[in-house]
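Asker: Right, I'll just put the structure down here and ask away after.
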């Protein structure tokens, strides 16, 4: 169905339990609406037709009266300036126009004949043969003038070539004299012919001028009655035009009345319903599902819009322009399970696999089997960098590597050491302690570590940086891997110094927590001070996030792997 302008929809709702009565009532409503609307339309058209009939009769009488009045006026005043009682093509005005045109043409012919006669007479008096050829319209005269010109040219050429006494010149002179005599005769004949044309043109001009004056006098005598008659004729024409317009409109109304149809048509009659149309449980359920999907999508979009951190690895890679080396899941703390021992207690968990992958990638970035130093840092505290440093050291130690773990966060400390020791890394830098005083060994994992030491209240100077670089070189002579846990960059600037003296810097970014601005600012600072950053590690990722993790081992597979590993 195509809706038209001012369309209306009528909804017929019936609460009766009998379906047949409901359908009959709906059909009866539409049928009565059709009948009433058609009767209203017919009545409106009949009223318009009656009014048009009455008005058309009045206009016809008005037109006939105007024509009769104009005809009587024409007869009473004896007007001759009309044609069949109308004002179209008045006789006198048309005669005046035609006579004026003919008079102008006759005057033009008279002037042309006079000018041609004067020019021909002047040329004949002065002997200008060329002018006679161009001015005259007589063929014989033109031919005689051309012959004279040819003889004259021939004589002049002969005289110039042979001299004036040449015998042939006498014959040419006789021919030239005969041609001049013939030309004079033809010129007089042409002048006589032009004179006759002048007399005829003057007579015609005078006659037309007299006729024009007479017509103008006759038109002037009838000007006032003629204007009145023209006004009456125009009124009659106007009345006739109005009458014909109303007559055509009345015919159209009558024709339209015969074609009237009801404004409402049945697309289909109402059938007997088999079940109530409301409530429709299927539609309600579908609507609820659609609303739930829309609400869920809106919630996800709102969370992404208001989130300060990264929730997609692709977005993180695009922002920092670095590879993501590992995505470490969030590990909840338990009383019977230390987070630092997670890679030992659950060697095949997602976190353990991610740390092993990180260690392998860091090894691949170094050519050959050489010792290397790695810095682990982050933007803010509580992002898991210290835990990652411990896990990385345990994983490397399980591969039979000699590992040294250094706690560089002298403000907080406590890495690997359960009790507060007397000397640490800052004491080694200041020269207050030796290597034997600061290096400790964890009896459970076999990892050598250096605690943080006393808090430094002064910044690093050039001698401290040189000593730190020498210490890192010496550590690499004794260990395969040196891991330095640095303070957060937004809290302290120690990581900038540490990053300039180590081989690799691993930046830790917490999932959905570390802001985008903080990540980009810290990486720019590290790069500006010469830190070599192989990539980013995302920490504390939701275990159920499909954006960071792929497939995983089932519980049955995990039990089999753990049993095989323990045996």
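Every read-out reported here was derived from the displayed coordinates using simple, explicitly stated rules and does not represent laboratory data. What you see is a predicted model, and the numbers here were worked out from it, not measured in a lab. Note that each Cβ is placed from the backbone with ideal geometry, even for glycine, and that neighbours are counted across all protein chains shown.
Asker: With label points built 7 Å along Cα→Cβ from the Cα atoms of residue 157 and residue 455, find their separation and express it in nm.
Answerer: Here the modelled spin labels are 13.4 nm apart.
Asker: Length gain on complete extension for the stretch residue 346 to residue 298, per 0.36 nm per residue less the alpha carbon to alpha carbon distance?
Answerer: Taking 0.36 nm per residue and subtracting the Cα distance, the gain is 13.4 nm.
Asker: Hey, how many Å between the Cα centroid of segment 365-407 and the Cα centroid of segment 504-523?
Answerer: 18 Å
Asker: Using per-residue counts of other Cβ atoms within 10 Å, averaged over each peptide, order 432-443, 521-532, 475-486 from highest down.
Answerer: Descending mean neighbour count gives 475-486, 521-532, 432-443.
Asker: Shifting gears a bit: How would you rank 498, 68, 342, going from fewest to most other Cβ atoms within 10 Å of each one's own Cβ?
Answerer: Going from sparsest to densest Cβ surroundings: 68, 342, 498.
Asker: By how many nm would the segment from residue 105 to residue 281 lengthen if fully extended, with 0.36 nm per residue of separation less the alpha-carbon distance?
Answerer: Length difference between fully extended and current span is 53.3 nm.
Asker: Can you sort 151, 289 from fewest to most other Cβ atoms within 10 Å of each residue's own Cβ?
Answerer: Ordered by Cβ neighbours within 10 Å, fewest first: 289, 151.
Asker: Here's something else I'd like to know. With label points built 7 Å along Cα→Cβ from the Cα atoms of residue 65 and residue 189, find their separation and express it in nm.
Answerer: 7.8 nm
Asker: Continuing with the same structure: Where does each of 373, 539 land when they are ranked from fewest to most other beta-carbon atoms within 10 angstrom?
Answerer: In increasing order of surrounding Cβ atoms, one gets 373, 539.
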